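Worksheet: one structure, shown below.
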Amino acid sequence: MAARGVRWFVAVTAVVAVAAYAVVYLRAYADAPIRSDGYSYYVYLPATLLYHDPSLDALSRDWYGGAFPDFSAIRRWPATGKWLDACPIGVALMMLPFFLVADALSWWSNLPRDGFSLYYQHAAGLAGLAYFVAGLAVIRSTLRGRFADGVVLATLVAITWGTNLFHYGTYDATFSHAFSFFLIAAWIALVERWWERPTVWRSAALGGLAALIVLVRNVNAVFLAVLPLYGVSRWSDARSCAIAAIQRWRHLVVAVGVGAACLVPQALMYRSIAGAWWINSYALLANRFSFASPHLGAVLFSTEKGLFFWSPILLLGVIGAFVARGWARGLVLAAALVFAVQAYIVACWSDWQLGGSFGHRAFTDGLALAAPPLAAAFAWAANRPRRLVPVALFATATVLLSIAQMVQYWIGVLPIINTSWAQYRALFLTFR
């Protein structure tokens, strides 16, 4: 049964995700898919391909009389007066095939080819859903052969339903998180293959994938640390890994060259807007960093957006980091470092909640890197009968709780931000 569950998990999840997506928009639980952050990530496509003006001016004039709505992350750069979109171009690039299909369908059915009519809206939303499902397929492939089928199935269920991942693959699918989730899952898989046998093509793919990770969310550059830290579980591993990397310097040059070339379009855009090859694209927004006073406890444990409060299943991943063996052990250091850097950066941000969201979405991107230690925890419990029952009960309860709270969020019961302990208790498992 476990083997069949693993085999069919991705397909079944895809069907459930499409059904959930349909319910969200048929019942109007959410506004049109291209909204909030999703709008800012997407807007490059209609501006460039339909309005033939990547500067965003033509689109802003046609839709908003020369200005963008306040909810967007688009502001004029003071020195040049040109529009700067705080969201980079990576998500738009990944949405491109879906956008082209939507444009063809809009032309065929005589719907407005304006970039925001029916087919464009749902092409953008279904793009995020597709990458979410593809990321699950990559994780399944990575875990199979290293863990028993029951462990793989438990891990897939926990990652999908015990966190906010399903939410960002359906309800908020135009945000960057489902796209980044797929990219980081693919990054882990490709890094593994590159260390097994580096080739020119794998090295080129490594560079291109690294660039796309950065182009989707600049801060996700921290995940590139998986490459040098892959397989490192003690200091002696670090030395041998460094020697092996030096021996592969030609392949690293290829990867760096391809990666740099893939970043050129974004760099040219920044150069045109701000006169610099790379800038802090969030500089014009109100958010600021305070590195001396991070809200670390709130980011991890608060009722507002605490990672472990809203996704307690991930506490098993913390246990897994200590009990992991073999292949999973070789990813623990990378996962711990990336998580620590992510948590600190988010905790130092003035908008550490990242606006309205279900759970803390800053960590959704890296759930693929949480999968190996989580699987290690399940494998550890499976070999210890006294641990298995409490771990299984905890996992089941937290997954069911996460699903229930996701539904509460969808139907408007839970606040989208600033949830207090009093509110949480009053609304606990309330659906009206």
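A few notes on this one:
- Kyte-Doolittle mean at least -0.5, axial Cα span of 27 Å or more - DSSP H helices of the chain: 2-26, 90-108, 118-143, 177-196, 249-274, 326-348, 385-410
- Projecting the alpha carbon convex hull of the range 156-204 along each direction and taking the average yields 4.3 nm².
- This ranking places ASP237, ASP103, ASP351 by how few other beta-carbon atoms lie within 10 Å of each, fewest first, which gives ASP351, ASP237, ASP103.
- Förster radius 25 Å - calculated FRET efficiency between ASP62 and LEU100, Cβ distance, rounded to 0.05: 0.75
- Charge dipole of the chain about the Cα centre (unit charges at C-beta), most positive-ward option of ALA130, CYS87, LEU400: LEU400
- Taking Lys and Arg as +1 and Asp and Glu as -1, the other residues whose beta-carbon sits under 13 Å from that of ILE411 total +2.
- Its alpha carbons considered, the range 2-427 gives a radius of gyration followed by a Dmax of 21.6, 66 Å.
- With the simple model of a label 7 Å out from the Cα in the direction of the Cβ, ILE416 to PHE71 spans 0.6 nm.
- The simple spin-label model puts a point 7 Å past each Cα toward its Cβ; for ARG325 and TRP8 those points are separated by 3.2 nm.
- Along its three principal directions, the equivalent ellipsoid of the range 250-352 from the Cα gyration tensor extends over semi-axes of 32, 25, 10 Å, largest first.
- For the chain, built as a Gaussian network whose Cα springs stay under 10 Å, the top-fluctuating residue of ALA79, ALA267, ALA255: ALA79
- Residues HIS251, HIS177, HIS52, arranged from fewest to most other Cβ atoms within 10 angstrom of their Cβ, appear as HIS52, HIS251, HIS177.
- Each of ARG234 and ALA22 was given a label point 7 Å from its Cα along the Cα-to-Cβ line. The distance between the two points is 5.5 nm.
- Residue order for PHE363, PHE223, fewest other beta carbons within 10 angstrom first, comes to PHE363, PHE223.
- GNM result for the chain, Cα springs below 10 Å: residue of LEU153, LEU50, LEU401 fluctuating most strongly: LEU50
- Share of Cα-Cα pairs in the range 66-181 lying beyond 18 Å, as whole percent: 63 percent
- Expected 222 nm ellipticity per residue - DSSP helices of 4 or more, -39500 (n - 2.57), all of the chain, to 500: -21000 deg cm²/dmol
- Computed FRET value (nearest 0.05) for LEU337 with ARG144, which takes r as the C-beta separation and R₀ as 25 Å: 0.45
- Subtracting the Cα-Cα distance of PHE289 and ARG197 from their residue separation scaled by 0.36 nm leaves 29.0 nm.
- Contact order, relative form, for the chain: 18 percent (alpha carbon pairs under 8 Å, 6 or more residues apart, mean separation divided by residue count).
- Candidates TYR120, TYR51, TYR41: whichever shows maximal mean-square fluctuation once the chain is modelled as a Gaussian network with Cα springs under 10 Å: TYR51
- Kirkwood hydrodynamic radius of the range 56-96, Cα pairs, Å: 11.2 Å
- Multiplying the residue separation of TRP249 and VAL318 by 0.36 nm and subtracting their alpha-carbon distance yields 21.4 nm.
Bear in mind that the values in this text are calculations on the coordinates, not laboratory data. Bear in mind the structure is a predicted one, so any value in this text is a computation, not a measurement. All Cβ positions, even for glycine, are placed from backbone atoms using ideal geometry, and neighbour counts span all protein chains on display.
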